[in-house]
Amino acid sequence: ISTENTFVKVESWMVILWANCFMTWYSDYLLWVLNSKIIRWFLERTSSGIWNEWLRYKNQYLELIPVPESSTNKEIAWRIEILAKQITESKLTSSFSTKNLENQIDELVYKLYNLTPEEIDIIEGGK
């Protein structure tokens, strides 16, 4: 249960002690698509919410997420991975905000889903 998408990569030596959903396959592309605004918007409409903005991140809801294949969107996937590496590097070495980089990833994810400006406004504004 969370108020935002917080998909993270867990190192192989870590132990997960909560009833979390997890995948055995990882890529920066997948991680950042899952953390994008459009996926939050999608989950707000498909998962069961509790306490206002809190969502349940259960397999039955996560399996419904339509993630575009990175192999058919190589250029965008590559750009997302470059930005993801910059975000990771920045978070490890400085306290600067990565919001601008995260917004750039959201813009790329919108392209993956071929969203129109009007649809992007709905996602961004919650209309």
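Computed from the coordinates by the stated procedures, all read-outs in this text should not be read as laboratory data. Computed from a predicted model, the values in this text were never measured in an experiment. Because the Cβ atoms are built from the backbone with ideal geometry, glycine has one as well, and the counts that use them run over all protein chains shown.
Values computed for the structure shown
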| quantity | calculated |
| --- | --- |
| Above-threshold pairs, the threshold being 24 Å between Cα atoms, out of Lys91/Lys111; Lys58/Lys85; Lys58/Lys111; Lys37/Lys91; Lys58/Lys99 | Lys91/Lys111; Lys58/Lys85; Lys58/Lys111; Lys58/Lys99 |
| Model label zone, Glu89; criterion: amide N under 17 Å from point 7 Å along Cα-to-beta-carbon; scope the range 106-127 | none |
| Along principal axes, Cα extents of the range 40-113, largest first, whole Å | 36, 34, 18 |
